[in-house]
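Everything on this sheet refers to the single structure shown next.
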Amino acid sequence: MGPIAPDRWTGVLLRCYPPAFRARFETGMRDALAHDYAAAQARGTLALAGFCILSFADAVRFGLAERRPRRSGGFSMSSLFAVDVRDALRSLRATPVVTLIAIASLALGIGANTALFSILNSLVIKTLPVRDPARLVVLDDGSWTNPIWEQIRDRRQQIVEDAFAWSATRMNLSPRGETDYVEGAWASGGMFKVLGVQAAVGRVFTEADDVRGGGPDGPVAVVSHGFWQRRLGGGADVVGRKLTVDGIPVTVIGVMPREFFGLDVGRTADIVVPIGALANDPVQARMLTGRSTWWLEVMARLRPEQTIGDANAALERMRPAIREATLPENWPAEGLKQYMTTPLTFRAASTGESGLRASYLTPLKIVLGVVAAVLVIASANLANLLLARAVSRRHEMAVRLALGASRFRLAKQLLAESAIVAGAGAVLGLVVARWAGALLVRQLATPGRGVTLDLSLDWRVMAFTIGVAAAAALLFGTAPAFGVSRISPQHALKDRSRTVTGERAFGLRNVLVAVQVALSLALVVGAALFVRTLTALTSAPLGFDAGPLLVVNVDAGSRITGRDSRLTAFENLRQAVAAVPGVASASLSVLTPIGSARWNTEIEPTPFTSGLTRRQRAPWVNIVSPGWFGTYGMRLLEGRDFDARDARGGERVVVVNLAFAHRFFPDGRALGEIVRTSLAGPPPALAYRIVGIVNDSVYTSPRAGFAPIVYAPLSQLEDPSGDIVITARAASGEPDALSRDVSPTVARAEPRVTFTIRALSSSVRASVRQERLVAMLGGFFGALALALAAIGLYGVASHSVNQRRAEIGLRMALGANPAGVVHLVLSRLGMLLAVGVMAGLALSWWAVRLVDTLVFGMQPRDPFTFVAAAAVLMGAGLLAGWIPARRASRIDPVRVLREA
Amino acid sequence: MDMSEPLKPAALHILLALADGERHGYAIMQAAREQSRGAVPMRTGSFYRHLSQLIDAGWVAEAAGPRDDDPRRGTYYRLTPRGRDALRAERARLVTLLDAFPGGRRAARKA
């Protein structure tokens, strides 16, 4: 799509005109603008940008003029304001380079701010696109079992107006073979009624459809507008289409409205299926009855006059009955007591839920802070630029003052210039924001899970952009305007003022530059911390070789049941994959390192571990086949790997890692010892003998590092689920080429399963994507801030050299040598730099508290980073100052003195 | 609007574009651009400002336009008799001006 839809853009332009004028000419103007827009577009982006800026300036100029009562005979531009705007445009055109730099840097700054804000807006601020979202609440905190939901459902009329439950998840549309995941949700029948969402096509499901096994139409599904267009052809024949969702056949009965994305901000639910449909699959039916299966979220709508407090009180009265009826089986007494007494509370949910929000809110806020600082730096640069111009226009101003112009008139003209620059910057900033926002959202996506955020310009984003532009204009526009008030008309009577006195040491320009240096230093420190964090994370040892590994996630679901037939099918698949040419070895495990699933087990305390907390006594668990450690390139340090001896019914054995050995046994002497735990089944705890010790490895993420892990053999697992992971090691070290051959092999060897193939290294990369994003943005804006600060310093040095030409010429005539002149210029600049750097170090020292949680592998107040950043800034600053200083040293004293 | 003063270039071009008959807004702009070979900047903002002033002066008026025309083009405009007078007056003024040039028409006739 184009940068901004011409229609919308034209609409904004036309707002500048008074209603009477619009009523008369709107259609014609739209027509003309659309034609010229298309013509400009055909000539390229630059021409289009120029056209947009000119048209915008025109609209402001003529729109404001039209709003003024016209004088008699009024074909001449009579209004003073219009004159200001015209003069301002004229003087901006007179210095095109300065104007373009000003507009471009503002557009970049405003664009970056708007992009970040529009993401935060859609992630955090915007309410759900449903009826009266302010009355929606969710049951705090996290997920609930279906039995609990059914208890609440049956009592909901006594608690709130209405309620429903849902669970957002990936859904597999492929009946067999390679998986085809889309984002979807299971939801109770009342969802659409409670939210007040109507179908765009067909009908939405109701409580009548949400019964075990399906209602009158059998199991049904409602699809999103996007999915309907993308995958189902977008026709009216969509109603009645058959789909397979996680192995359950469903019939499409309707399409959701375009603006409704579900309840999870950032992830569009493409398919919503009533939870009752789960009863059609024997394995998944357990989701409906499981009293320890926590997977549903509960949302309620308050009655019109009801507060959250009222609803909570009503819910608390029901709690004992709800809890009593849903007590989980096989829980220890302590857990049950806690279960009974934990209160149930609602919290506000008008903006929906979002996993994306949870993981990206802090980084996005920090980046918003960074881009705000960049905008301040850019504005300070503009202020300096305009101040410099105001100084060189002192003569003009003085003449006009002498001829009777009021200071107010002159200040107004300068303000008009800043307003036009800021306006053009804001318009282009919106274009930048569209582009940058889309780019950023793409970065938030993970492999296999896209992110959809609605970044359209609503009134909040527009208000933000206008506010930012106005603030920037005030920041860089008032300084030169105030400067006018210091000019005296006598200047006009004298010749161009050539003074031998220096400028004031703490003039406004110097303060601005010091502020720029300080802010840039803080940004450079931040960028260095983020980049070093990313480096530390990507170079952190994993404990296994991710590079050559190809991971096949297999789901046998309910199509292969029974312990032995499952294990046999898994082993057959493993052998088939191992036989693929290019596969060095293949083995099975229940979980993948750095995967989303986790499993831990509490080890019964011994005298040695009695001092540990329960959490410290709970190592991670994985269930693996013989050879798994070899496939992952892990080293067996003591003892043996699993083998044929470890059969069902034999002695229960485990292999542990070094961290486990050292946590649970003195000096890590774990080999041959017994640990007691209920590893893979309900209590009571059983005895497991440690037969091997392997090296440490990462379980959840590189950031979490090494942790104690206990491995048990697949052959001794009593009740294997339908999910298994086959890991294949590529002999060549390049797993991507293998997946082409592995996929048909798996499909042929076991047609009943569905599976997903990916390289393990992609998960490793994905595990640091948040850090990568922050490092990328921090690095980019840090460099930008550094460059802007250097330009600012250059400007100040260069200006001061121009001002002091006479003085420097005189000094040289009196015998000063060039080195002395360079020193003269640089020493002043050095003072400025030093002040800025000191302030910047103090600012960074304070500000790192905010990024504490994002830094990894070093102290946030890392002395090396601080010193290096200060050195970089000093270096860049002195380099920027050296250029004008050298120019000063080449001043020809004879010429300067002759000019006198 | 005063007929004794010279017309602004933009106003002159708008009147000229309407001399042949009625046109809609964008057609007037295009005609003016062509007549002046781009010398008179004719952007939408300034064009409509000039147009509104010409209408207020009673030199240009709205016209009905062809019946089956695309409604997105907006209103058609035509010259009023006063507008035609103004154009004629401008022409006379320009001719006088041209004649005054050394080597102008009168000078050429004398030679």
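Odds and ends about this structure:
- Stretchable slack from A:D852 to A:R615, in nm (0.36 nm times residue separation minus alpha-carbon distance): 82.9 nm
- Contour excess over end-to-end distance, with Cα ends at A:D141 and A:R676 and 0.36 nm allotted per residue: 189.4 nm
- Per-selection Kirkwood Rh - the range A:549-767 (Cα, Å, 1 d.p.): 17.9
- The A:V894 and A:R389 beta-carbon pair, evaluated with R₀ = 30 Å, returns a calculated FRET efficiency of approximately 0.50.
- Within the straight-line cut-off of under 17 Å between alpha carbons, the aspartates and glutamates reachable from A:K337 are A:E316, A:E324, A:E329, sequence neighbours fewer than 8 places apart in one chain being disregarded.
- Cut-off 12 Å between beta-carbons: net charge of the residues surrounding A:H662, Lys and Arg +1, Asp and Glu -1: 0
- Rounded FRET efficiency, nearest 0.05, which uses the C-beta distance separating A:A23 from B:R88 and R0 of 25 Å: 0.20
- For the range A:747-762, 3J(HN,Hα) per residue [Karplus equation, 6.51 cos²θ - 1.76 cosθ + 1.60, θ = phi - 60°, Hz, x = Gly/Pro]: 4, 6, 5, 8, x, 7, 9, 10, 8, 10, 10, 8, 7, 4, 4, 5
- Label-reachable residues, the range A:40-56, where backbone N falls under 19 Å from a point 7 Å from B:E34's Cα toward its Cβ: A:40
- Shielding of A:15-26 by partner chains, average beta-carbon count, 10 Å: 2
- Beta bridges per DSSP with both ends in the protein assembly as shown, % antiparallel, nearest 5: 75
- Put in order of Cβ neighbour count within 10 Å, fewest first, the listed residues A:M318, A:M299 become A:M318, A:M299.
- The calculated FRET efficiency for the pair A:S350 and A:R769, based on their C-beta separation and a Förster distance of 41 Å, comes to about 0.90.
- Projecting label points 7 angstrom from Cα along Cα→Cβ for A:V399 and A:R230 puts them 6.4 nm apart.
- Cut-off 14 Å (backbone N to label point 7 Å along Cα→Cβ of A:N817), residues of the range A:875-900: none
- Other residues within the sphere of radius under 12 Å centred on the Cβ of A:Q229, judged by their own Cβ, net out at +2 (K and R +1, D and E -1).
- Three-way shape label, the range A:322-444, alpha-carbon gyration tensor, a/c 1.5: prolate
- Pairs of Cα atoms farther than 15 Å apart, the range A:606-680, %: 62
- Kirkwood radius, the range A:133-350, all distinct C-alpha pairs, inverse of mean reciprocal distance: 18.0 Å.
- Our Cα-only numbers for the range B:9-80 put the radius of gyration and Dmax at 11.4, 34 Å.
- The longest part of chain A holding none of the exposed loop GluC sites (Glu not before Pro), meaning those outside H, G, I, E and B in DSSP with at most 13 other Cβ atoms within 10 Å, is A:330-650.
- Under the Debye formula (equal points on every Cα, no solvent term), log10 I(q)/I(0) of the range A:398-475 at q = 0.12, 0.17, 0.19, 0.23 Å⁻¹: -0.53, -0.78, -0.87, -1.03
- Net lengthening on full extension, A:E807/A:S721 (0.36 nm per residue, minus Cα-Cα): 22.3 nm
- Using all pairs of distinct alpha-carbon atoms, the Kirkwood hydrodynamic radius of the range A:171-230 works out to 13.0 angstrom.
- Bridgeable aspartates and glutamates around A:K412 (alpha carbons under 19 Å apart, same-chain partners fewer than 8 residues away excluded): A:D58, A:D84, A:D87, A:E396.
- Between A:L361 and A:R176, the distance separating the two model label sites (each 7 Å from Cα on the Cα→Cβ line) works out to 4.6 nm.
- Among A:C52, A:C16, sorting on how many other beta-carbon atoms sit within 10 Å of each Cβ, with the fewest leading, yields A:C16, A:C52.
- The overall shape of chain A, judged from the alpha-carbon gyration tensor, is prolate: a/c is not under 1.5, and a/b is greater than b/c.
- Cβ-based exposure ranking for A:T452, A:T631, A:T114, in which fewest neighbours within 10 Å come first: A:T452, A:T631, A:T114
- Where labels lie 7 Å past Cα in the beta-carbon direction, separation of A:R303 and A:V867 in nm: 6.9
- Theoretical ellipticity at 222 nm over the protein assembly as shown - DSSP helices of four or more residues, -39500 (n - 2.57) apiece, nearest 500: -17000 deg cm²/dmol
Every number in this text was worked out from the coordinates using simple rules, so none of it is lab data. What you see is a predicted model; the values in this text were computed from it and never measured. Glycine gets a Cβ as well: all are built from the backbone with ideal geometry, and neighbour counts include every protein chain shown.
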